[in-house]
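The values are calculated or read from the model by the stated rules, or taken from the named source; none is laboratory data. Since this is a predicted model, take the numbers as computed values, not measurements. All Cβ positions, even for glycine, are placed from backbone atoms using ideal geometry, and neighbour counts span all protein chains on display.
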Amino acid sequence: MHELSISENILYIVENEAHKHNLKRIKEIKIKTGEISDIIPENLEYCFEIISKGTVAEGAKIIVEKLPIKILCLDCGKEFTIKKKNLQCPECNSKNLKIIGGNEFFIESMEAE
Amino acid sequence: MEIKVLRNIFESNIKQSDELKKIFKNKGTYVVNIMGSPGAGKTSVIVELIKKLKDELKIGVIEADCEGKIDAEKINSLGIPVVQLNSGGACHIEAASVDKAMNNFENWAFDLILIENIGNLVCPSDFEIGEDLRMVVLSIPEGDDKVAKYPKMFYTCDVMVISKFDVKDYFNYNMQRVLTDVQRVNPKMEVFPVSCTTGYGIDKLSKFIKDKIFEKKLS
Ligand SMILES: [Zn+2]
């Protein structure tokens, strides 16, 4: 699983931000990820715990918030929030859609000392 | 104290991928990232594409296998320059790995670079590697439920190749189910059923890629 590689990317950004703001300890990291992603939050927490040992983010809590899939129907022009694996316009049943949200993956904020 | 961050977790990979894209654009090189489960037939598809296109186009291959050099040797025997990437057991390759691989081709001038990613339907979906086309190879024996199970891979790819199509009838494969699932996840996806044993569908797939290469050179 690539949660390990993702953890490394998170740690890189966190250390970079900590340095920028002169922070001593990161207590919490808030992450937002789209519903399309296959990230398993428990795996991510586990991997991050391992690789953050001895860094400014050691022991930091990872909080993952999932963002819904958002679609724009190209036939009726309306925007919707939908459930996973059901890419169909709830209004006109069209499958002529554009996904406009749900594939995000970013660090929103962190709680620091 | 709360610090706003708002940084994409894949930012360093995206940056490196965009840099690669610039290099490939300048050189007029079209790049295909080939993904899929282990044993889906990625190497066979690459070999068939090479056979069809090698007289007209300069082709290079990057092989990212977890272990062994068998696939790289197979491609090298066709007279095609190939770089073997040692992933060291990793589950995907990143833009940095492609950058490193390109340094191993001396004075390269390719029309087409085919990159065989690590066999895996989850991890490679998160990483762009400077490619123009993202291709997922799915084989008949894997079953017709893969699109529903791994939507992200199919959402991020442009093309799906259904390989080993000659054995479709032996596996009770419901093609309609696959196409319906693809429609749900990625209505724009192009689907190419092929068989590397009988050669079925290979002409169509190679023509598609050839058209894309010329489109890029003209743009
Ligand atoms: Zn609609």
Within segment B:1-55, track down each residue that is over 17 Å from the mean Cα position of the chain (by Cα), of a type in the set (Ser, Thr, Tyr) and closer than 18 Å to B:Leu133 by Cβ. none
Kindly indicate whether A:Ile62 is at pLDDT 85 or above and more than 12 Å from chain B (Cβ to nearest Cβ). no
Listed residues A:Lys20, A:Lys53; which is within 30 Å of B:Ala90 (Cβ to Cβ) and more than 11 Å from chain B (Cβ to nearest Cβ)? A:Lys53
Positions within segment B:172-190 being surrounded by 15 or more Cβ atoms within 10 Å (Cβ to Cβ) and not polar (S, T, N, Q), in sequence order: B:Tyr173, B:Val178, B:Leu179, B:Asp181, B:Val182, B:Arg184, B:Val185, B:Pro187, B:Met189, B:Glu190
Checking B:Val47 against (1) modelled with pLDDT of 95 or more; (2) more than 22 Å from B:Phe192 (Cα to Cα), which single condition isn't satisfied? (2)
Which of the strands (runs of 3 or more DSSP E) found entirely inside segment A:32-112 contain at least 2 residues meeting this: of a type in the set (A, V, I, L, M, F, W, C), within 16 Å of the ligand (Cβ to nearest atom) and more than 18 Å from the chain's Cα centre (by Cα)? A:69-73
Suppose we filter segment A:78-99 for residues that are over 20 Å from A:Thr33 (Cβ atoms), among the polar types (S, T, N, Q) and more than 11 Å from chain B (Cβ to nearest Cβ); how many remain? 1
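To keep it simple, each residue is scored yes or no on (1) closer than 30 Å to B:Lys149 by Cβ; (2) at pLDDT 95 or above; (3) in contact with a helix residue (DSSP H, G or I) (Cβ under 7 Å, 6 or more places away or on another chain).
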| site | (1), (2), (3) |
| --- | --- |
| A:Lys32 | yes, yes, no |
| A:Leu44 | yes, no, yes |
| A:Thr55 | no, yes, yes |
| A:Glu58 | no, yes, no |
| A:Leu67 | yes, no, no |
| A:Phe80 | yes, no, no |
| A:Asn86 | yes, no, yes |
| A:Asn93 | yes, no, no |
| A:Ile107 | yes, yes, yes |
Out of segment A:19-57, which residues are without any contact (Cβ under 8 Å) to a residue 40 or more places away in the chain and over 22 Å from A:His2 (Cβ atoms)? A:His19, A:Lys20, A:Asn22, A:Gly54
Of the conditions (1) over 17 Å from the mean Cα position of the chain (by Cα); (2) within 21 Å of B:Met102 (Cβ to Cβ); (3) at pLDDT below 95, B:Lys58 fails just one. Which one is it? (3)
